[in-house]
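I have placed the structure first, in the form of structure tokens, so that the comments after it can refer back to it.
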Amino acid sequence: MASLMQTTTRNGKRSSTYHAFLEGEIEQRPNLTVITCAHATRVILDGEGSAQAARGVEYRTENGETATAMARKEVMLSAGAVGSPQLLLLSGIGPKDELEATGVPCRLNLPEVGKHLKDHLQVGLFFSAPGVGVSVSEVAISMGPDALRAPAGPLPADPADDESLPPELQGLKAEAERRLVEWFTTGRGLASSSMYDAVAFFSTGLGDEYSHDAQLGFFACGYNPDLWERCLRVDTHEFFDDPDVALSPTAESMIVLANPVLPHSEGEVRLASADPTVAPDIQMNYYSDPHDMKVMLAIIRRALDVVAHWPSHRQIGPLLVPPALAAKHGYVEGEAPSDALLEDIARHYSLTVYHLCSTCRIGSVVDHELRVKGVAGLRVADASVMPNIVSGNTNAASIMIGERAAELIAGSNGVRLAEFVGSPG
Ligand SMILES: Cc1cc2nc3c(=O)[nH]c(=O)nc-3n(C[C@H](O)[C@H](O)[C@H](O)COP(=O)(O)OP(=O)(O)OC[C@H]3O[C@@H](n4cnc5c(N)ncnc54)[C@H](O)[C@@H]3O)c2cc1C
């Protein structure tokens, strides 16, 4: 299946669960209190053994004071695939031996809290793509005149100096203003794009039969050194023969992301300390199951095949191979890369997709209604409950988990949610 990428975008702007569900609601609802800059430190439990129940949450305020929020009915944890298991562990819910090793008294031995951590990995394959890719200069023009100001751009840093612009820069500024107005008024244009413009899902044939195991992402832009260094954490002087040429503002390039979507490797989240302000220990164990590298190689091969058969008269590529790896494997540009070279590229340049999940998974830690097993009045609703990682991006799936949790809570309190929000369609 191949399509344009679907994004959480409304009227040309990236949305979020805050914009979609919360914005404006807090002011209108007397029954909703949002406490910002609060760090939850543990779930307050009472009772013993199998009669334990969650009564509230302890948290630290912005000023470092300890406060509590007590629940009349239930406590919901939505702190994500790292935060939710950490909170359960800090509350004494988790593997007994691990809790005792960090000095947290065990209230409920639930061995799989924090286990089965999954994530997606991706490898960015860089191709020169004249006439197909969009240059960084084009992207900047579409973001309006401010994106073109010095020191990075050709317009003066101070808009007051625009009066003395030469004609070509006046034209550039006018075009940038036109595109910005187009985006504001129609929600269309380059500024509305995430640049992750197209996606393909398919099966490598190596995975499980019930689902595809591969995703290819097509970025229409090769981006700039800042993005490579800071977001992708790649040393551009190591990755590119000449980063000034490959990532010049006028270069037209593409990035194809090779992304196995049903990895077998599992990691874990463990407490590093009983102190809630200390980050937990996160072990990702990427590629610990050899299956995942086999799938990655198959997807990279497919990416090279798609690029080699690009549906136009334009030529894309060849694949940019970092010079040190090219030398190590005796690779000559334009030749078919060996499996050993592609594996080396994957091992050096795989990057998280930030899709962490499954650390409080349904069946192990919570039941099918998201209730923590063995504790009354406590649910988890976030990506941590996914029984396995979804074979695509996780944001929409996480939002669906939140919506389903709302239905479950409403249902168990005799409320028909449809009376408030209507029925679909
Ligand atoms: C940089 C980045 C880019 C991404 N891009 C995409 C994308 O393009 N498409 C896509 O589908 N998915 C994307 N994802 C993944 C997607 O955002 C996640 O899958 C999704 O947000 C998971 O939702 P969640 O509710 O489980 O956790 P989160 O959204 O992480 O929410 C958990 C919240 O709990 C808070 N929290 C944690 N611990 C505590 C505590 N002790 N006290 C108080 N608050 C706490 C956190 O600050 C956070 O706000 C991206 C993720 C990242 C990080």
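Every number in this text was worked out from the coordinates using simple rules, so none of it is lab data. This is a predicted model, so every value here is computed, not measured. Positions of Cβ are backbone-derived with ideal geometry, glycine not excepted, and every protein chain shown enters the neighbour counts.
Brief remarks on what is shown
- At most 11 other Cβ within 10 Å, DSSP loop - trypsin sites (Lys or Arg not before Pro), region 361-423: ARG416
- In region 101-239, one over the average inverse separation of all distinct C-alpha pairs is 19.6 Å, which is the Kirkwood hydrodynamic radius.
- In terms of other Cβ atoms within 10 Å, PHE239, PHE201 run from fewest to most in the order PHE201, PHE239.
- Estimated translational D of region 6-143 in µm²/s (Stokes, Kirkwood radius over Cα pairs; 37 °C; 0.692 mPa s): 169 µm²/s
- Residues ASP281, ASP292, ASP235, ranked from the fewest to the most other C-beta atoms within 10 Å, line up as ASP235, ASP281, ASP292.
- Here region 294-362 and region 384-425 have alpha carbon centers that stand 36 Å from each other.
- Span-like helix ranges in the chain, DSSP H, alpha carbon extent 24 angstrom or more, Kyte mean at least -0.5: 290-308, 394-412
- Entry note, the chain: relative contact order of 22 percent, from Cα contacts under 8 Å with a spacing of 6+ residues.
- Three-way shape call for region 81-163 based on the alpha-carbon gyration tensor, with the a/c threshold at 1.5: prolate
- Looking at region 199-286, the GluC sites (Glu not before Pro) that sit in a DSSP loop and have at most 13 other Cβ atoms within 10 Å of their own Cβ are GLU209.
- Projecting the Cα atoms of VAL256, ALA405, GLY189 onto the dipole axis of the chain, where Lys and Arg carry +1 and Asp and Glu carry -1 at the beta carbon, places ALA405 farthest toward the positive end.
- Of the trypsin sites (Lys or Arg not before Pro) found in region 44-94, those that fall in a DSSP loop while having at most 15 other beta-carbon atoms within 10 Å are ARG72, LYS73.
- Summing +1 for each Lys or Arg and -1 for each Asp or Glu among the other residues whose beta-carbon sits under 13 angstrom from that of CYS106 gives -2.
- Mean residue ellipticity (222 nm) of the chain, computed from DSSP H runs ≥ 4 via -39,500 (n - 2.57), nearest 500: -8000 deg cm²/dmol
- Rounded to the nearest 20 debye, the dipole size of the chain about its Cα centre is 1340 debye, using +1 on the Cβ of Lys and Arg and -1 on the Cβ of Asp and Glu.
- Coordinate range of the alpha-carbon atoms in region 231-323 per principal axis, descending: 60, 31, 22 Å.
- With all pairs of different C-alpha atoms in the average, the Kirkwood value for the hydrodynamic radius of region 368-423 is 12.5 Å.
- Computed over region 283-340, the ratio Rg/Rh where both radii use C-alpha atoms and Rh is Kirkwood: 1.05
- Principal axis extents of the Cα atoms in the chain, from largest to smallest and rounded to whole angstrom, are 74, 55, 45.
- Put simply, the amide H of LEU77, placed in the peptide plane, has neighbours under 5 Å in ARG379, VAL380, ALA381, leaving out anything fewer than 5 places away on its chain.
- Fraction of the pair-distance distribution of region 347-393 above 17 Å, Cα-Cα pairs, percent: 41 percent
- Equivalent ellipsoid semi-axes, region 158-230, via Cα gyration tensor eigenvalues times 5, rooted, Å: 42, 16, 9
- Sequence of CYS221, CYS231, CYS106 once ranked by neighbouring C-beta atoms within 10 Å, starting from the fewest: CYS231, CYS106, CYS221
- Normalised per residue, the volume of the convex hull around the Cα set of region 253-397 (Å³): 168 Å³
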